[in-house]
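Structure first, then comments.
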Amino acid sequence: MNLYNIKHPEEQVNFAQAVRQGLGKDQGLFFPQNIPHLSNIDELLALPLVERSQKILGALIGDEIPQAQLEQMVRNAFTFPAPVVQVEDNIYALELFHGPTLAFKDFGGRFMAQALATVRGDGKITILTATSGDTGAAVAHAFYGLENIEVVILYPKGKISPLQEKLFCTLGGNIRTVAINADFDACQALVKQAFDDAELRQAIGLNSANSINISRLLAQVCYYFEAAAQLPKEKRDNLVVSVPSGNFGNLTAGLIAKTLGLPIKRFIAATNANDTVPRYLHSGNWSPNATVATLSNAMDVSRPNNWPRVEELFKRNSWALNELHSAALSDAQTEDTLRAMNQLGYLCEPHGAVAYEVLKQDLLAGETGLFLCTAHPAKFKESVERILDVTLPLPEALDKHNKLPLLSDEMDNDFAQLRAYLLK
Ligand SMILES: *Cc1c(COP(=O)(O)O)cnc(C)c1O
């Protein structure tokens, strides 16, 4: 697989380099040189998830990774289903939250961990990351038990929910978690300082495993095929897909699926009040506002870092940007939507609700709508319980960890201490 840096097309790398490096020169994003057009879509859709995903990723990555190895990577990463659930006559939900940390980021995170373990070469790797909750959990679970990879996760002590803390600070093994006596920004600053320390970086093989890594996007392509495979055949033709969007990685993956040949009539980018993209698509002006806090807080992003990849796909396919529909939903509308969905018998959380309502407003007669549910309702327990006036039971995945003892170390906001800890 050959990839180029969107900012500096002369910088070209293979899959292994792109996975190891994450970003190119000037923080430029890597993008595949060629995306093949698959002619056997119906055959692919007839296969089970793991076998089909292996074929899709094989077509994208090429012979850089032997097929048998790729199969093992996919098998290790995709250990949970992505069911399609009918919500209305012509509207379906794709539930992406059945993984170990109950959010769709498990798909990308787990495959990235497998990819990094495969292409790492010799020497030690230390993944260092700071989290305000969710990312840490996904990273910890994705890398748990992988050989010769140490994971160190910093988080602000007392500033994440006790449930979130239990989810990733009870694993042990190759996962070390550190509660820092400071806020999230301080944790991020410590991570940055570590990456700026060339000697340390070299000594422990520092890697950020961040969300911009191309391996995540490739993994996410697979669940768009899984959705189509589960839809009744007669509903596959006029398919409109609504994606709850923050950094626009999820949408990028969907557009890659369409480029590969998956028949999707149109995409809808649904956002909350952080509406840089819908405003841009309507006015042609890119003018991010200050980020505001919303109910769907994983989408509280006003400068989506995958947007250049979205534009690149439209340009390369000669698709008109106005074929991408987009709208924003306020928190008040999101609350109303959650209640309306509950009336229909579907329990959702704020991110999925945003995608559902924007889809509903856009869908035409004769079309089938699919919206992505990116998190389990219990992950947003407090708001869902308040809005719907219900009590949510703890899902088993959370309950299991909730009963285990916390294994975190504690540390002051002190780089010298962290450095010694990392070198230990
Ligand atoms: C990360 C996240 C999103 C946004 O996905 P992007 O790929 O960043 O657009 C939506 N919902 C949930 C629950 C998330 O965690």
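Bear in mind these aren't lab numbers, they're just calculated from the coordinates by the rules spelled out. Not measured: the values here are computed from a predicted model. Cβ atoms come from the backbone with ideal geometry, glycine included; neighbour counts cover every protein chain shown.
The table below gives the values:
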read-out	value
Given charges at Cβ of Lys, Arg, Asp, Glu: the chain dipole, positive-most of LEU49, THR294, ALA93	LEU49
Estimated 222 nm signal from helices in the chain, with DSSP H stretches of n ≥ 4 weighted -39500 (n - 2.57), rounded to 500	-13000 deg cm²/dmol
Highest to lowest packing among 50-61, 352-363, scored as the average C-beta count within 10 Å	352-363, 50-61
Karplus 3J(HN,Hα) series, Hz, for region 228-243 with 6.51 cos²θ - 1.76 cosθ + 1.60 (x for Gly, Pro)	4, 4, 8, 6, x, 3, 6, 9, 7, 6, 10, 8, 10, 10, 10, 10
For region 404-419 and region 141-167, distance of Cα centres in Å	12 Å
Mean-position separation - Cα centroids, region 1-70 and region 284-327, in angstrom	22 Å
Prolate/oblate/rounded label for region 4-47 (Cα gyration tensor, a/c 1.5)	prolate
